Amino acid sequence: MSVQSTIESKLSEAFSPDYLRVENESHMHNVPAGSEMHFKVQIVTDEFSGMMLIKRHRAVNKVLEEELAGPIHALSIYAFTTEEWQKRNGEVADSPPCHGGGK
Amino acid sequence: MDVMQRIDDVVKNNPIVIFMKGTPQMPSCGFSSRAAQALMNTGIEFAYVNVLQDPEIFENLPRYADWPTFPQIYINHELIGGCDITLEMFQNGELKKMCEEAVAASKEGAEKAK
């Protein structure tokens with residue numbers, strides 16, 4: 001299974017999200033074509049209500065612990081409740097351009 | 001000195017510190033760059049550690065606060081998160097407030113120690 005599908009299935013299982021979007025952004029970086037190293041996750045679930053941002057990120061990191069220790073080099077996380085998501089019209093920032101410091 | 005102790009000293013001795021790839025002026029990673037920029041935009045002085053210049057810290061920082069990626073931003077001796085959280089908090093105004101409080105708390109601490 002690809003890293004992307006693994007991320008999708010693990011997050012779906014752990015949070016039953018109302019919205020989940022996992023993007024492989026490796027092409028924005030100086031890595032071989034087809035790499036699966038840089039990901040952006042948008043996840044919306046009411047399980048996050050009442051949780052500080054850092055706790056939400058920790059929860060996502062925990063679920064993806066194995067992948068973060070292995071293939072994932074960068075993980076951008078946007079974790080919201082359905083209400084927050086509606087308020088911001090589903091908009092999140094674009095990931096920054098690479099500055100070449102990856103290792 | 002033990003690396004965990006070194007990291008702890010940096011975190012405890014600075015009200016605001018970012019562990020990043022590169023420096024705020026010459027960042028080596030887009031995420032580090034953005035987080036440092038957000039801190040600079042608060043107008044409040046902060047410390048930084050270039051993890052690319054210190055392989056030991058680079059290797060061990062993730063287990064210090066159980067956070068797997070860089071950058072890592074500590075305010076008032078506590079991890080607030082990485083790039084995404086720092087940006088979110090900058091945009092909603094919390095970052096500046098938190099930085100101001102951390103600086104005030106550290107000045108107060110220094111006064112008491114006199």
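Nothing in this text is a laboratory measurement; each read-out follows from the coordinates by a stated rule. Note that this is a predicted model, so its numbers are computed, not measured. No Cβ is skipped: glycine too gets one built from the backbone with ideal geometry, and neighbour counts run over all protein chains shown.
Could you calculate the FRET efficiency of A:Asp18 with B:Asn92 from 1/(1 + (r/R0)^6), where r is the beta carbon distance between them and R0 is 25 Å, rounded to 0.05? Can you show the working numbers first?
Values: r = 22 Å, r/R0 = 0.89.
About 0.65, to the nearest 0.05.
Using all Cα-Cα distances in the range B:73-114, what percent lands in each 5 angstrom bin from 0 up to the longest?
All Cα pairs considered, the percentages come to 6, 23, 26, 21, 11, 8, 5, 1.
What is the sum of charges around A:Ser16, taking Lys and Arg as +1, Asp and Glu as -1, for the other residues whose C-beta is under 10 Å from the C-beta of A:Ser16? If you can, show how the numbers build up before the last one.
Values: positive: none; negative: A:Glu13, A:Asp18, A:Asp46, A:Glu47.
In short, -4.
Between the range B:3-21 and the range A:75-95, what is the C-alpha centre distance in whole Å?
Between the Cα centre of the range B:3-21 and that of the range A:75-95, the gap is 30 Å.
Toward the positive end of the charge dipole of chain A, about the Cα centre and with charges on Cβ (Lys, Arg +1; Asp, Glu -1), which of A:Leu68, A:Val3, A:Gly100 goes farthest?
A:Gly100
Give, rounded to the nearest 20 debye, the magnitude of the charge dipole that the range A:48-103 has about its Cα centre when Lys and Arg contribute +1 at Cβ and Asp and Glu contribute -1 at Cβ. Present the calculation step by step, with values, prior to reporting the outcome.
Values: 7 positive and 7 negative charges, 40 e Å.
Its charge dipole is roughly 200 debye.
When DSSP beta bridges are limited to those with both residues in the range B:17-110, what percentage is antiparallel, rounded to the nearest 5?
Percent antiparallel among DSSP bridges in the range B:17-110 is about 65.
Please give the contour-minus-distance gain from B:Lys114 to B:Met40: 0.36 nm per residue of separation, less the Cα-Cα distance, rounded to one decimal in nm.
Result for the pair: 23.7 nm of gain on full extension.
Kindly give the semi-axes, whole Å and largest first, of the ellipsoid equivalent to the range B:19-114, taking each as the square root of 5 times a Cα gyration tensor eigenvalue. Don't jump to the answer; show the numbers that get you there.
On the way: eigenvalues 97, 56, 31 Å².
In descending order the semi-axes read 22, 17, 13 Å.
Considering only B:Ile73, B:Ile44, B:Ile57, give the residue with the highest GNM mean-square fluctuation for chain B, with springs between Cα atoms whenever their separation is below 10 Å.
B:Ile44
Place a +1 charge on the Cβ of each Lys and Arg in chain B and a -1 charge on the Cβ of each Asp and Glu, then give the dipole magnitude about the Cα centre in debye, rounded to the nearest 20.
Details: 10 positive and 16 negative charges, 48 e Å.
The dipole of chain B has a size of about 240 debye.
Over the alpha carbons of the protein assembly as shown, what is the largest minus smallest coordinate on each principal axis, giving the biggest first in Å?
So the three principal-axis extents are 59, 38, 28 Å.
If you take every residue apart from B:Val17 with its C-beta less than 12 Å away from the C-beta of B:Val17, what net charge results, scoring Lys and Arg +1 and Asp and Glu -1?
Details: positive: B:Lys12; negative: B:Asp8, B:Asp9, B:Glu45, B:Glu78.
With Lys, Arg at +1 and Asp, Glu at -1, the neighbours total -3.
Apply 1/(1 + (r/R0)^6) to the Cβ-Cβ distance of B:Gln53 and A:Glu65, taking R0 = 25 Å, and write down the FRET efficiency to the nearest 0.05. Walk me through the numbers on the way to the answer.
Values: r = 28 Å, r/R0 = 1.11.
About 0.35, to the nearest 0.05.
Compute, for the protein assembly as shown, the length of the dipole vector about the Cα centre, with Cβ point charges of +1 (Lys, Arg) and -1 (Asp, Glu) only. Units Debye, rounded to 20. Don't jump to the answer; show the numbers that get you there.
Details: 20 positive and 31 negative charges, 92 e Å.
So the dipole magnitude of the protein assembly as shown works out to roughly 440 debye.
How tilted is helix A:53-63 with respect to the longest principal axis of chain A? Cα atoms for both, answer in degrees (0 to 90, nearest 10).
For helix A:53-63, the angle is close to 60 degrees.
Using only the alpha-carbon atoms, how far is helix A:3-15 inclined from the longest principal axis of chain A? Give it as 0 to 90 degrees, nearest 10.
Tilt of helix A:3-15: around 20 degrees.
Could you give the DSSP H helices of chain B that reach 30 angstrom or more along their long axis (alpha carbon positions) and whose average Kyte-Doolittle hydropathy is no lower than 0.0? Write down the numbers at each step before the final one.
Details: long enough: none.
The qualifying helices: there are none.
Taking only Cα atoms of chain A, what ratio of Rg to Rh do you get with Rh as the Kirkwood inverse-distance radius? Kindly include the intermediate steps, with their values, before the conclusion.
Working: Rg = 13.7 Å, Rh = 14.2 Å.
Answer for chain A: 0.96.
Run the helix sum for chain A: -39,500 (n - 2.57) per DSSP H stretch of 4+ residues, divided by residue count, reported at 222 nm to the nearest 500 deg cm²/dmol. Could the numbers behind the result be given before it?
Numbers: 4 runs with 35 residues, N = 103.
Calculated from helices alone, the mean residue ellipticity at 222 nm is -9500 deg cm²/dmol.
For chain B, what's the relative contact order in percent, using C-alpha pairs closer than 8 Å and at least 6 residues apart? Intermediate values should be presented prior to the final figure.
Numbers: 160 pairs, mean separation 35.9, N = 114.
About 32 percent, as a whole number.
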